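The values are calculated or read from the model by the stated rules, or taken from the named source; none is laboratory data. Here the structure is a predicted model, which means the values were calculated and not measured. Cβ sites come from the backbone with ideal geometry, for glycine too, and all protein chains shown count toward neighbours. Just so you know, the surface numbers come from the protein's heavy atoms only, side chains and all, with ligands and any DNA or RNA stripped out. Shrake-Rupley method; radii C 1.70, N 1.55, O 1.52, S 1.80 Å.
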Amino acid sequence: MAEDLNITTSTDKTEQYTALIPQIEALLYGEPDLVANLANICAALKEQFKWFWVGFYMVKNGELVLGPFQGPVACTRISLGKGVCGTAWQKAETLVVPDVEAFPGHIACSSLSQSEIVVPVFHNGEVVGVLDVDSELLDQFDETDAKFLEQVVKLIQF
Ligand code: SME
């Protein structure tokens, strides 16, 4: 496909995801390289939603290691159960954090980040990584983001 994304100007989240997800699917179609695909997912999400930080941490040798991302530099390694990412990994569930200051053990890669969502990536029933999205505004993520970002990570082929 052409590499230009069609960015919707709608402010409705469902419309934004509904327009974006088929384009992400097309970007990934026929491309077996995991890093390339994770990188394009981050770029597509960042381009549509203009979030502060969008990226993947992937499980490697028992810890989460920074993968492809868009945004400022970030912490490279997160242990199981640590921070929002390590907790989402441990619980194998999506975590929506409206105020990162109120999340015990939140890892502040940037003091600008105020709310966050972390979505586990599954392969063969195991968490193999997480998609982490940060906003510099409070309370930016909800069940709609959880639902659609879970659909996005299901597009990843291993
Ligand atoms: N805040 C995350 C760490 C990763 S950065 O936000 C990019 C956490 O608490 O796990």
Within segment 54-67, which residues are more than 9 Å from the ligand (Cβ to nearest atom) and either over 10 Å from the mean Cα position of the chain (by Cα) or part of a loop (DSSP other than H, G, I, E, B) (or both)?
58, 59, 60, 61, 62, 63, 65, 67
State all residues of segment 87-100 that are in contact (Cβ under 8 Å) with a residue 12 or more places away in the chain and more than 10 Å from the ligand (Cβ to nearest atom); if no residue qualifies, say none.
92, 93, 94, 96, 98, 99
Selection from segment 7-33 of residues that are loosely packed, with under 11 Cβ neighbours inside 10 Å and in contact (Cβ under 8 Å) with a residue 60 or more places away in the chain
32
In this structure, is residue 153 in a strand (DSSP E or B) and closer than 24 Å to residue 25 by Cβ?
no
Which listed residue is within 9 Å of the ligand (Cβ to nearest atom) and of a type in the set (Val, Ile, Thr), from 117, 107:
107
For segment 68-86, give me each residue that is open to solvent by 60 Å² or more (accessible area, probe 1.4 Å) and either polar (S, T, N, Q) or near the ligand (Cβ under 8 Å from one of its atoms) (or both).
69, 70, 76, 82
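Residue-by-condition table, conditions (1) crowded, with 18+ Cβ neighbours inside 10 Å; (2) within 15 Å of residue 100 (Cβ to Cβ); (3) touching a Lys or Arg at 6+ places or on another chain (Cβ under 8 Å):
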| site | (1), (2), (3) |
| --- | --- |
| 112 | no, yes, no |
| 116 | yes, yes, no |
| 120 | yes, no, no |
| 124 | no, no, no |
| 127 | yes, no, no |
| 135 | yes, yes, no |
| 151 | no, no, no |
| 154 | no, no, no |
